[in-house]
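The values are calculated or read from the model by the stated rules, or taken from the named source; none is laboratory data. Being a predicted model, the structure only gives us computed values, none of them experimental. In this analysis, Cβ positions are derived from the backbone assuming ideal geometry, glycine residues included, and neighbour counts consider all displayed protein chains.
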Amino acid sequence: MSRRHWWHWHRLVGVLAALPIVYLAVTGVLLSCSDWLGWSRQPVYADWLASFYHLHRVAPQQGFQHQGHWLTQSGEQVFLDQRPVARCQSELHGALWQDDTWVAWCGHRLIYLDAHGQLLEQLHGVPSGRRLGQWHGQLWLQGQTGFRLDAQSGLWQPARPPAQILWSQAQPLPPALRQTLRARTPLPGISREQVLQDLHSGRLGGRWGVWLVNLTSLLMTVLAATGLLGWWRRRR
Amino acid sequence: MRVALCVWLFLISVLAATLTRAAPPGRYLSQADFLQQAFAGVSFQGRLLVPDAGLRQRITALLGHPLRARRLHYWQADGRTAWVIDEIGRDEPITLGIVVGAQGIEQLKVLAYRETRGGEVTRSAFLRQFNGASLNHDQALTTPIDGITGATLSVHAVTRAARLALLLTATVTGP
């Protein structure tokens, strides 16, 4: 094949592959910057992506109520009514109102919030338990055994819970609040980085998307080979 | 040719360094175990610190951001003070247990690490660097802390928490 032919093929493949290469380059650069952009943990809300991933938004159904105000969890976010007020990576096991303060039990810590949702304190070291309650201004935890929180020391002491304890209990959310929180609930299990990875690999377009990316890779290889051979022949 | 070889070797070594597994996110030590280790069986007392406006200002200057919590628990025995402090590395808070004595920091432990990268800061060799550190006039640590490639933000977070613990201890123990 003559040199002219090599360049002809090189140009043709270049024109064919130009758009997909730009697409792969842009998504690739964004992917390499996603860590810096903080996209690895950024949630995704778009409904059209939910249908692509066949995901269903799991809206909170229950929450903890005090005088018409609700503390609830949606994804990793804790909401006071409609406002995100704290993060909870594990489950919000319980919450109650005590001495003008919200006490939310999240994993191994208690999150104290004021009436406006401002963080007062995070107290670590909550022992394993099933439910959180209060009696006479003291917090109690019931697991296999019972624990009482010494508010001064911030430490849990083994103790038998009295029978009169008011245990925090989740209640169904009002429909209006449930609707509002549903829109603020991220799609479960995916981040912006995940979407970007699936865009880059073509997986978001299903089988055809992956084949298109594979074809682009093939064209890029041909482009490299024809470019290299053309240069080699010209050198000779 | 030699230049190309050097470039390839450099790229491979960078890739190998990146793939070296750091400690995974997780909970490393419970608060109860940390306090047990901190005071070695000696009975300790828990107290509550509510920083006033002046202290909050100094904390903001030291951390580079305001302290989110309005109050903090701490524990004392035998002239030592223990703190459990959350400080954000990149996205997630790192929970640190810090014991401060008369000669500066005596122990620094990671109780929980939640970031996906930078877990090298949980290694005891790194944490031991803080032993004996105190604050100088510029509110910086008196001991130089070696950074870790790929864990810069976590290293900075641990350093900030150590400085905060020293500042708070100086506040609660007095001059």
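Conditions (1) away from chain B (no Cβ under 13 Å); (2) crowded, with 21+ Cβ neighbours inside 10 Å; (3) within 22 Å of B:Phe34 (Cβ to Cβ); (4) of a type in the set (Asp, Glu), marked per residue:
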residue: A:Thr101; (1), (2), (3), (4): no, no, no, no
residue: A:His124; (1), (2), (3), (4): no, yes, yes, no
residue: A:Gly129; (1), (2), (3), (4): yes, no, yes, no
residue: A:Trp135; (1), (2), (3), (4): yes, no, no, no
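List every residue pair whose Cβ atoms sit under 9 Å apart, with the two residues 6 or more apart in sequence or on different chains, where the first one lies in segment A:200-226 and is free of Cβ contacts under 8 Å to residues at least 12 places away in the same chain and assigned to a helix (DSSP H, G or I) and the second, anywhere, is of a type in the set (Lys, Arg) and surrounded by 14 or more Cβ atoms within 10 Å (Cβ to Cβ).
A:Gly209/A:Arg203; A:Val210/A:Arg203
Give segment B:115-126 a look and list any residue that's buried (at least 19 other Cβ atoms within 10 Å of the Cβ) and not acidic (Asp, Glu), or say none.
Across segment B:115-126, the qualifying residues are B:Gly118, B:Gly119, B:Val121, B:Thr122, B:Phe126.
Please work out if B:Ile59 is away from chain A (no Cβ under 13 Å) and touching a Leu at 6+ places or on another chain (Cβ under 7 Å). Full working, then the answer.
Values: away from chain A (no Cβ under 13 Å): yes; touching a Leu at 6+ places or on another chain (Cβ under 7 Å): yes.
Considered against the rule, which asks whether it is away from chain A (no Cβ under 13 Å) and touching a Leu at 6+ places or on another chain (Cβ under 7 Å), B:Ile59 comes out as yes.
Pick out the one residue from A:Thr185, A:Thr221, A:Thr180 that is more than 20 Å from the chain's Cα centre (by Cα) and of a type in the set (Val, Ile, Thr).
On the way: A:Thr185 fails: more than 20 Å from the chain's Cα centre (by Cα); A:Thr180 fails: more than 20 Å from the chain's Cα centre (by Cα).
Residue meeting the stated conditions: A:Thr221.
Spot the failing condition for A:Trp97; the list is (1) crowded, with 16+ Cβ neighbours inside 10 Å; (2) touching a His at 6+ places or on another chain (Cβ under 9 Å); (3) within 12 Å of chain B (Cβ to nearest Cβ), and only one is missed.
Among (1) crowded, with 16+ Cβ neighbours inside 10 Å; (2) touching a His at 6+ places or on another chain (Cβ under 9 Å); (3) within 12 Å of chain B (Cβ to nearest Cβ), A:Trp97 violates only (3).
So A:Gln67 clears everything in (1) surrounded by 14 or more Cβ atoms within 10 Å (Cβ to Cβ); (2) on the phi > 0 side of the Ramachandran plot except one condition, right? Which one?
That leaves (1) as the condition not met.
Of the residues that sit in segment B:65-84 and are touching a strand residue (DSSP E or B) at 6+ places or on another chain (Cβ under 8 Å) and more than 10 Å from chain A (Cβ to nearest Cβ), which one is surrounded by the most Cβ atoms within 10 Å (Cβ to Cβ)?
So in segment B:65-84, the residues touching a strand residue (DSSP E or B) at 6+ places or on another chain (Cβ under 8 Å) come out as B:68-77, B:79-84.
Subsequent filtering for residues that are more than 10 Å from chain A (Cβ to nearest Cβ) retains B:76-77, B:79-83.
Values: B:Gln76: 17, B:Ala77: 16, B:Gly79: 9, B:Arg80: 20, B:Thr81: 23, B:Ala82: 25, B:Trp83: 23.
Here the answer is B:Ala82.
Among (1) outside any loop (DSSP other than H, G, I, E, B); (2) of a type in the set (A, V, I, L, M); (3) more than 10 Å from chain B (Cβ to nearest Cβ); (4) within 24 Å of A:Pro172 (Cβ to Cβ), where does A:Ala59 come up short?
Unmet condition: (1).
Identify all residues within segment A:170-196 that are surrounded by 14 or more Cβ atoms within 10 Å (Cβ to Cβ) and part of a loop (DSSP other than H, G, I, E, B); write none if there are none.
Matches in segment A:170-196: A:Ala170, A:Leu173, A:Arg184, A:Thr185, A:Pro186, A:Leu187, A:Pro188, A:Ile190.
Let me confirm something: among B:Gly118, B:Gly101, B:Gly97, which residue is touching a residue at least 12 places away in the same chain (Cβ under 8 Å) and on the phi > 0 side of the Ramachandran plot? Don't jump to the end; show me each part of the working.
On the way: B:Gly101 fails: on the phi > 0 side of the Ramachandran plot; B:Gly97 fails: on the phi > 0 side of the Ramachandran plot.
Step by step, each of B:Gly118, B:Gly101, B:Gly97 is checked, and only B:Gly118 is touching a residue at least 12 places away in the same chain (Cβ under 8 Å) and on the phi > 0 side of the Ramachandran plot.
Okay, residues lined up against (1) modelled with pLDDT of 95 or more; (2) under 28 Å from A:Ser34 (Cα atoms); (3) not acidic (Asp, Glu):
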{"position": "B:Tyr113", "(1), (2), (3)": "no, yes, yes"}
{"position": "B:Val121", "(1), (2), (3)": "no, yes, yes"}
{"position": "B:Ile148", "(1), (2), (3)": "no, yes, yes"}
{"position": "B:Ser154", "(1), (2), (3)": "no, yes, yes"}
{"position": "B:Thr169", "(1), (2), (3)": "yes, no, yes"}
{"position": "B:Thr173", "(1), (2), (3)": "no, no, yes"}
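Can you pull out every residue in segment A:105-132 that is in contact with a Gly (Cβ under 8 Å, 6 or more places away or on another chain) and small (Gly, Ala, Ser)?
First, pick out the residues of segment A:105-132 that are in contact with a Gly (Cβ under 8 Å, 6 or more places away or on another chain): A:105, A:108-109, A:123, A:125-132.
Result: A:Gly125, A:Ser128, A:Gly129.
From the residues in segment A:142-162 that are more than 15 Å from A:Gly94 (Cβ to Cβ) and in contact (Cβ under 8 Å) with a residue 24 or more places away in the chain, which one is farthest from the other protein chains (Cβ to nearest Cβ)?
Of everything passing the filter in segment A:142-162, A:Pro162 is farthest from the other protein chains (Cβ to nearest Cβ).
Any chance segment A:103-113 includes a residue that's within 14 Å of chain B (Cβ to nearest Cβ), of a type in the set (Val, Ile, Thr) and surrounded by 14 or more Cβ atoms within 10 Å (Cβ to Cβ)?
Within segment A:103-113, one or more residues are within 14 Å of chain B (Cβ to nearest Cβ), of a type in the set (Val, Ile, Thr) and surrounded by 14 or more Cβ atoms within 10 Å (Cβ to Cβ).
Name the single residue, out of those in segment A:22-50 being of a type in the set (D, E, K, R) and either more than 14 Å from the chain's Cα centre (by Cα) or more than 14 Å from every other protein chain (Cβ to nearest Cβ) (or both), that is surrounded by the fewest Cβ atoms within 10 Å (Cβ to Cβ). Full working, then the answer.
Initially, segment A:22-50 is screened for residues of a type in the set (D, E, K, R), giving A:35, A:41, A:47.
Remaining after also requiring either more than 14 Å from the chain's Cα centre (by Cα) or more than 14 Å from every other protein chain (Cβ to nearest Cβ) (or both): A:35, A:47.
Details: A:Asp35: 15, A:Asp47: 9.
This residue is A:Asp47.
For residues that are assigned to a strand (DSSP E or B) and either within 14 Å of another protein chain (Cβ to nearest Cβ) or closer than 30 Å to B:Gly89 by Cβ (or both), tally how many sit in segment A:65-80. Write out each step before concluding.
First pass over segment A:65-80, keeping only residues assigned to a strand (DSSP E or B): A:65-66, A:69-74, A:77-80.
Next, from what is left, pick out any that are either within 14 Å of another protein chain (Cβ to nearest Cβ) or closer than 30 Å to B:Gly89 by Cβ (or both): A:71-74, A:77-80.
The number of residues fulfilling the criteria is 8.
Write out, first by first residue and then by second, each pair whose Cβ atoms fall under 9 Å of each other, whose residues are 6+ apart or on separate chains, and whose first residue, in segment B:27-41, is under 17 Å from B:Thr122 (Cα atoms) and without any contact (Cβ under 8 Å) to a residue 60 or more places away in the chain while the second is outside any helix (DSSP H, G or I) and among the hydrophobic types (A, V, I, L, M, F, W, C).
Listed pairs, sorted by first residue: B:Asp33/B:Leu111.
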